[in-house]
1. Which ³J(HN,Hα) values in Hz, rounded to whole numbers, follow from the phi angles of region 62-71 under the Karplus curve 6.51 cos²θ - 1.76 cosθ + 1.60, where θ = phi - 60° and Gly and Pro get x?
2. Could you give the accessible area per residue of the chain, probe 1.4 Å, as a whole number in Å²?
3. Residues of region 28-52 with the amide nitrogen closer than 17 Å to a label point 7 Å from the Cα of residue 70, along Cα-to-Cβ, please.
4. Taking chymotrypsin sites (Phe, Trp or Tyr not before Pro) that fall in a DSSP loop and have at most 16 other Cβ atoms within 10 Å as cut points, what is the longest piece of the chain between them?
5. Just in region 22-74: which trypsin sites (Lys or Arg not before Pro) are loop by DSSP and have at most 11 other Cβ atoms within 10 Å?
6. Counting each DSSP H run of 4 or more residues in the chain as -39500 (n - 2.57), what helix-only mean residue ellipticity at 222 nm follows after dividing by all residues, to the nearest 500 deg cm²/dmol?
7. Would you mind getting me the FRET efficiency between residue 63 and residue 4? Use the beta-carbon distance for r and R0 = 22 Å, nearest 0.05.
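The values are calculated or read from the model by the stated rules, or taken from the named source; none is laboratory data. Note that this is a predicted model, so its numbers are computed, not measured. Positions of Cβ are backbone-derived with ideal geometry, glycine not excepted, and every protein chain shown enters the neighbour counts. Note: areas computed on protein heavy atoms with side chains; ligands, DNA, RNA excluded. Shrake-Rupley method; radii C 1.70, N 1.55, O 1.52, S 1.80 Å.
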Amino acid sequence: MGLCNDIQQSIAGFWWSKRNEKRGIFWTKLESMSQAKTRGGMGFRDISSFNQALVAKQGWRLIQNPESLAARILKAR
């Protein structure tokens, strides 16, 4: 997913970039930072997984509520 990767790179650039000629903070790999805090990570969100979860949640709502406005609009298309 192009947009998700762009957002993820922007987030990584924010945490690892150098600002005002100061050295950037050394963090561990983004994959390990994206793990849950209970699993030793920092709890950062993996944008691709988060997006997939939101799409699945919306799909579930459409299936459970076929008479909702969103479902009716998508059916009409």
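1. For region 62-71, the Karplus-derived couplings read 5, 5, 6, 10, x, 9, 5, 4, 4, 5 Hz, x marking Gly and Pro.
2. 88
3. What the label zone holds, given the 17 Å backbone N cut-off, is 50-52.
4. That would be 28-77.
5. The qualifying sites are 22, 23, 29.
6. Calculated mean residue ellipticity at 222 nm is -18000 deg cm²/dmol.
7. The computed FRET efficiency comes out at 0.40.
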